[in-house]
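The values are calculated or read from the model by the stated rules, or taken from the named source; none is laboratory data. Note that the structure is predicted; figures quoted are calculated from it, not measured. Virtual Cβ from ideal backbone geometry, glycine too; neighbours counted across all protein chains shown.
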Amino acid sequence: MSELAPVEDSFQGTVFRSTGKWADVQAADGRRVECRLRGKFRMEGLRTTNPLAVGDHVTWIEEEDGTGVITEIAPRRNRIIRRSVNLSHEAHVVAANLDRAWLVVTLVEPATSSGFVDRFLVTAEAYGVPTTLLFNKVDVLLQLGEEAEELLASWMAMYSEAGYECLPISATEGIGLEEVRERMKGGIHLVSGHSGVGKSTLLNALIPGLDQKTAEVSDVHNKGVHTTTFAEMFPLPESSGFIIDTPGIKGFGLVRMEKETLHHHFPEMFRLLPECKFHNCRHLDEPGCAVVRALETGEVDDERYRNYRNMVEEFDEGPYRAGGQRGGSAGI
Ligand SMILES: Nc1nc2c(ncn2[C@@H]2O[C@H](COP(=O)(O)OP(=O)(O)O)[C@@H](O)[C@H]2O)c(=O)[nH]1
Ligand SMILES: [Mg+2]
Ligand SMILES: [Zn+2]
């Protein structure tokens, strides 16, 4: 008589929706299974309200009733967390294992500020998530004439020189979307940006049949009702990629960032650090600073630098202050 326990078949998959203890998991072959967690899981020593997040890679075994039991959560490559709404010491993991963030920016209707963009980019850097800027509504810009076109060109120059991929698109006219589709084949992608910039319109264009509510609908019928913080992930057609929509989340939240190393998250400044006289130069008022020199040649953009200084000041005064209400975390 053998004393070996029977070997259970286990499967690999990715969580594409998660509400508390249950998660919807998609297997590599496209099969979808509703799974629950076995026992207690604690990832990375974090106290989280949700042990499972969208984007988590899991192992599960099948139950007789067709549901699954998750036995393992793979270590996360990265994750976005937010402070839980109810319990201030617990974090809510919004999404995990992101390959890329796509920040939708509009220069008109509505105008996005570079301060907002830079805050997002700094946080994405700190989380280790590469970001592409999508300049949406270029159809509107093109109708506004030369000045508007120059504005777009200057923004694209500012961010591509800083090291970010920039794509001009129009979600309604289909401009530039083929490139976005191509770039999203495979991997997990997060779409973010201010309200009204066209995120839902973009998702609808990328995923036919998705039918996410856009401004025209939601403004009339359910003004300001988008309060859910549960992210949802949708499979992209004709690809193994996923796209994440985060309704009600305007930016990345809660990342531990030290005031002293904030400048590490500005890639164009970080590149210059070895050329500064002091190895721990913060590019503020130190002598022999290569970043300050680069401002004169235009190698570092004034506006990016100004936004950096503003963030440093906010650390000193405000909500990011170490030991302050947010415990030294920068929330956006
Ligand atoms: N002209 C133009 N309008 C757009 C474009 N993309 C989105 N919109 C419009 O902008 C408004 C807000 O779009 P929506 O997708 O709801 O924005 P969200 O809040 O970011 O999800 C809607 O009226 C869309 O039709 C675009 O590329 N060009
Ligand atoms: Mg929307
Ligand atoms: Zn310096």
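Please note which strands (runs of 3 or more DSSP E) are completely contained in region 60-123 and include at least 2 residues that are in the same structural domain as Val15 (by TED's automatic domain parsing) and over 22 Å from the mean Cα position of the chain (by Cα).
68-73
How many residues does region 124-143 contain that are polar (S, T, N, Q) and within 14 Å of ligand 1 (Cβ to nearest atom)?
The qualifying residues number 2.
Please work out which one of (1) surrounded by fewer than 17 Cβ atoms within 10 Å (Cβ to Cβ); (2) closer than 22 Å to Gly196 by Cα; (3) in contact with a Ser or Thr (Cβ under 8 Å, 6 or more places away or on another chain); (4) of a type outside the set (A, V, I, L, M, F, W, C) is the condition Lys137 fails and give its number.
(1)
Being more than 16 Å from ligand 1 (Cβ to nearest atom) and modelled with pLDDT under 95 is the requirement here; does Gly248 meet it? It would help to see each step written out before you state the result.
On the way: more than 16 Å from ligand 1 (Cβ to nearest atom): no; modelled with pLDDT under 95: yes.
Answer is no for this residue.
Do the conditions hold for Ala126, that is, is it within 16 Å of the chain's Cα centre (by Cα) and either assigned to a helix (DSSP H, G or I) or away from ligand 2 (no atom under 16 Å from the Cβ) (or both)?
Yes, satisfied.
For region 76-134, name all the residues that are surrounded by fewer than 16 Cβ atoms within 10 Å (Cβ to Cβ), touching a helix residue (DSSP H, G or I) at 6+ places or on another chain (Cβ under 9 Å) and in contact (Cβ under 8 Å) with a residue 60 or more places away in the chain.
Result: Glu109, Gly115.
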